[in-house]
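Bear in mind these aren't lab numbers, they're just calculated from the coordinates by the rules spelled out. What you are looking at is a predicted structure, and each value in this text was computed from that prediction instead of being measured. Quick reminder, even Gly has a Cβ in these numbers, built from the backbone with ideal geometry, and neighbours come from all protein chains shown.
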Amino acid sequence: MEKSPSPNPTGSFPGTRLRRPRAEDWSRRLVCENRLSVDDLIWPLFVCEGNQHCEPVTSMPGVQRVSIDLLVEAVGEAVALGIPAVALFPATDPDKKTSECEEAVSPDNLVCRATSAVKSAHGSKIGVVCDVALDPYSSHGQDGLVRDGLVVNDETVEMLCRQALVQAEAGCDIIAPSDMMDGRVGAIRRALDEADFQSVQIMAYAAKYASAFYGPFRDAVGSSANLGSGDKRTYQMDPAIGVEALREVALDFAEGADMVMVKPGIRYLDIVQRV
């Protein structure tokens with residue numbers, strides 16, 4: 001007598017059991033959709049003046065500012081570990097901070113010297129990311145130039161372009177504008193291309209929210225005291241807004257960004273997913 005067909009069509013239990021691929025480690029690895037590996041990492045490093053010198057960042061236990069010679073050694077460790085890129089952040093001498101942020105565009109500033117030293121020692125074995133914003137160099141702690149108490153957009157963008165160029169000349173591989181000025185990605189892209197730095201990438205801080213999470217970072221680069229009781233809400237985003245983040249990301253890609261960032265990422269995973 002012919003056997004009756006199974007009452008359970010393909011695609012339903014018990015013919016389909018989604019636990020089957022989860023049963024063994026090798027099988028879970030075989031079907032894994034998303035992986036986190038060393039290839040996904042960028043190591044932030046804070047650099048200071050001196051020789052064989054390091055100093056703790058008190059608000060970041062275990063993190064130190066290091067002089068350029070020790071920075072080069074640390075980047076060597078990153079190369080050995082297979083980390084693809086490091087992001088360099090300077091703790092600028094307070095005496096070099098001014099209202100016009102001239103040190104930001106000096107080819108001999110701390111981050112340019114650090115970038116040059118890293119690239120001289122390690123070449124193309126690792127990428128160097130440099131932050132483009134004026135807060136490490138400003139006496140007022142803002143990311144842009146201040147006129148009559150307001151952070152101005154277009155004059156700041158001109159300075160950011162000059163800052164990006166000196167970093168590219170030092171050997172920076174990825175320019176990372178974190179300032180949140182309007183139009184800065186397109187302006188930086190044009191400036192880089194016109195100066196024959198077409199291969200230098202731009203990783204835009206596209207959706208950067210005003211946040212208390214930046215406090216330890218500002219300590220690390222020495223800008224928290226300069227900012228004092230001020231804030232950055234006229235250019236960093238309102239945490240209550242989501243749709244605007246998508247507009248910011250779309251604009252930055254349209255202006256020539258190669259990559260975009262949501263910051264702080266950990267508390268804005270809904271925005272990361274939408275982006």
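Computed values, structure above
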item	result
GLN163 more than 23 Å from VAL128 (Cβ to Cβ) and under 20 Å from the mean Cα position of the chain (by Cα)	no
Residues that are assigned to a loop (DSSP other than H, G, I, E, B) and surrounded by 13 or more Cβ atoms within 10 Å (Cβ to Cβ), drawn from the stretch 81-96	ILE83, PRO84, ALA91, THR92, ASP93
Within the stretch 21-72, tally of residues that are more than 23 Å from SER224 (Cβ to Cβ) and exposed (fewer than 11 other Cβ atoms within 10 Å of the Cβ)	18
Residues of the stretch 132-153 satisfying the condition of being out of contact with any helix residue (DSSP H, G or I) (no Cβ under 9 Å at 6 or more places or on another chain) and of a type in the set (D, E, K, R)	ASP148
Residue check for THR58: on the phi < 0 side of the Ramachandran plot, outside any strand (DSSP E or B), under 22 Å from the mean Cα position of the chain (by Cα) and not small (Gly, Ala, Ser)	yes
Neighbours by Cβ (under 6 Å, 6+ apart or cross-chain): first from the stretch 193-210, closer than 15 Å to ASP182 by Cβ; second of a type in the set (Gly, Ala, Ser)	ALA204/ALA257; TYR205/SER178; ALA207/ALA245
Positions within the stretch 55-103 being within 16 Å of GLY171 (Cα to Cα) and either in contact with a Phe, Trp or Tyr (Cβ under 6 Å, 6 or more places away or on another chain) or among the aromatic types (Phe, Trp, Tyr) (or both), in sequence order	VAL86, PHE89
Among the candidates SER199, SER223, residue that is surrounded by 13 or more Cβ atoms within 10 Å (Cβ to Cβ) and either under 20 Å from ASP40 (Cβ atoms) or among the hydroxyl-bearing types (Ser, Thr, Tyr) (or both)	SER223
Candidate set from the stretch 125-150 (those that are more than 12 Å from SER99 (Cβ to Cβ) and aliphatic (A, V, I, L, M)); member that is nearest to the chain's Cα centre (by Cα)	VAL129
Within the stretch 171-218, tally of residues that are touching a Cys at 6+ places or on another chain (Cβ under 7 Å) and in a loop (DSSP other than H, G, I, E, B)	2
Filtered residue count, the stretch 14-52, keeping only those that are assigned to a loop (DSSP other than H, G, I, E, B) and touching a strand residue (DSSP E or B) at 6+ places or on another chain (Cβ under 7 Å)	1
Filtered residue count, the stretch 127-164, keeping only those that are part of a helix (DSSP H, G or I) and touching a residue at least 40 places away in the same chain (Cβ under 8 Å)	6
Long-range neighbours under 7 Å by Cβ, at least six apart or interchain, first residue in contact (Cβ under 8 Å) with a residue 40 or more places away in the chain and more than 26 Å from ASP40 (Cα to Cα) within the stretch 99-126, second of a type in the set (Gly, Ala, Ser) and surrounded by fewer than 18 Cβ atoms within 10 Å (Cβ to Cβ)	SER99/SER139
